[in-house]
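Colleague: The structure under discussion is supplied below as structure tokens; questions concerning it will follow.
The values are calculated or read from the model by the stated rules, or taken from the named source; none is laboratory data. Note that the structure is predicted; figures quoted are calculated from it, not measured. A quick note on method: Cβ atoms are made from the backbone with ideal geometry, for glycine too, and the neighbour counts reach across all protein chains shown. In case anyone asks, the SASA skips ligands and DNA or RNA and just uses the protein heavy atoms, side chains included. Shrake-Rupley method; radii C 1.70, N 1.55, O 1.52, S 1.80 Å.
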Amino acid sequence: MSENGKPVISLENVEKIYKTKAGPLKVLKGVNFQVDEGEFVAIVGPSGSGKSTLINMITGIDRPTSGEVFVANQRLTKLSENQVAKWRGRNVGVVFQFFQLLPTITVVENVMLPMHYCNTYGGKRRERAMELLEMVDIPDVADKYPSQISGGQQQRAAIARALANDPKVIVGDEPTGNLDTLSAGLVFALFEELVSQGKTIVMVTHDKDLAGQVPRVEEVRDGRLMTQEEIDQRLVTGR
Ligand SMILES: Nc1ncnc2c1ncn2[C@@H]1O[C@H](COP(=O)(O)OP(=O)(O)OP(=O)(O)O)[C@@H](O)[C@H]1O
Ligand SMILES: [Mg+2]
């Protein structure tokens, strides 16, 4: 985080405890995390460390057991589930590992969906969706169904959908995790382009090469964000 930046994401002492058959499971153990407007952040860490849980706090897909979450000027912990869903549709674009396009409608219709949900762009929805598909370089597959296009194209369509309502924040949970190297590179380049346009991006990735190209990398270990001291210490001890 820069000294004088404007935080667009702020997690304060966030804890998340899941109820499981074996008893309560504390998955986030007091996370403090601030992201400034225009930052590009990669989240790395071992499987099961809590990365997706952390991401779901930012999107409001899940809510903390305690602590506060502020995103795009909204205190999420105060909103009902319905209010969060409405808020998310306008303020956060979410990109998943397995794209999650609706299979029964065309690509361009998928991109139009968030505009329907949020009642934005009126009669201009198709036009705007086509512009977004041009931006992600797949206008030619607009009228195909998701199953008829490649994984890389599906993810670009999902990014266009995430951008539908022009959100400030884009969040990706392993958005390149299911793509070949070439498609992953193209999706990553698109993210860089969006950051250069002023978007804020937080992206979970297992890909060390890609994480190495992101200006800020945060590491989740056992439900906590590692401090710089801990990372330095590890360099010394090798653990
Ligand atoms: N809804 C849930 N109920 C119970 N336990 C859960 C739930 N969601 C996640 N967990 C547990 O919380 C821990 C962290 O899960 P999370 O999905 O956040 O990890 P992750 O870092 O994203 O892992 P991966 O790299 O494999 O995606 C795991 O032990 C997981 O089993
Ligand atoms: Mg995960």
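Colleague: Take Val41 and decide whether it is assigned to a helix (DSSP H, G or I) and surrounded by 17 or more Cβ atoms within 10 Å (Cβ to Cβ).
Modeller: no
Colleague: Inside the stretch 205-223, can you point out the residues that are out of contact with any Gly (no Cβ under 7 Å at 6 or more places or on another chain) and of a type outside the set (S, T, N, Q)?
Modeller: Asp207, Lys208, Asp209, Leu210, Ala211, Gly212, Val214, Pro215, Arg216, Val217, Glu218, Asp222 - these are the residues of the stretch 205-223 that are out of contact with any Gly (no Cβ under 7 Å at 6 or more places or on another chain) and of a type outside the set (S, T, N, Q).
Colleague: Continuing with this model, one more query. Check Lys26, Lys16, Lys51 and return the single one that is open to solvent by 30 Å² or more (accessible area, probe 1.4 Å), out of contact with any Cys (no Cβ under 7 Å at 6 or more places or on another chain) and either closer than 21 Å to Val71 by Cβ or within 16 Å of ligand 1 (Cβ to nearest atom) (or both).
Modeller: Numbers: Lys16 fails: open to solvent by 30 Å² or more (accessible area, probe 1.4 Å); Lys51 fails: open to solvent by 30 Å² or more (accessible area, probe 1.4 Å).
One residue alone meets the criteria, Lys26.
Colleague: While we're here: Looking for something open to solvent by 50 Å² or more (accessible area, probe 1.4 Å) and over 27 Å from Asp222 (Cα atoms) - is there at least one such residue anywhere in the stretch 59-67?
Modeller: no
Colleague: Considering the stretch 104-128 alone, what residues qualify as being open to solvent by 70 Å² or more (accessible area, probe 1.4 Å) and hydroxyl-bearing (Ser, Thr, Tyr)?
Modeller: Matches in the stretch 104-128: Thr104, Tyr117, Tyr121.
Colleague: Same structure, new question: Only one residue in Ala72, Ala85 is more than 16 Å from ligand 2 (Cβ to nearest atom), touching a Pro at 6+ places or on another chain (Cβ under 9 Å) and open to solvent by less than 60 Å² (accessible area, probe 1.4 Å). Which one?
Modeller: The conditions single out Ala72.
Colleague: Determine whether the stretch 56-65 contains at least one residue that is more than 16 Å from ligand 2 (Cβ to nearest atom), in a helix (DSSP H, G or I), in contact (Cβ under 8 Å) with a residue 12 or more places away in the chain and closer than 24 Å to Met112 by Cβ.
Modeller: No, there is no match, as no residue in the stretch 56-65 is more than 16 Å from ligand 2 (Cβ to nearest atom), in a helix (DSSP H, G or I), in contact (Cβ under 8 Å) with a residue 12 or more places away in the chain and closer than 24 Å to Met112 by Cβ.
Colleague: Oh, and also: Look at Phe98 and say whether it is open to solvent by 30 Å² or more (accessible area, probe 1.4 Å), touching a residue at least 24 places away in the same chain (Cβ under 8 Å), within 21 Å of the chain's Cα centre (by Cα) and within 17 Å of Asp207 (Cβ to Cβ).
Modeller: Yes: the conditions hold for Phe98.
Colleague: Looking at Leu194, Leu235, which one is at pLDDT 95 or above and part of a helix (DSSP H, G or I)?
Modeller: Leu194
Colleague: Scanning the stretch 156-191 for residues that are within 18 Å of Arg90 (Cα to Cα) and part of a helix (DSSP H, G or I), which turns out most open to solvent (accessible area, probe 1.4 Å)?
Modeller: Arg161
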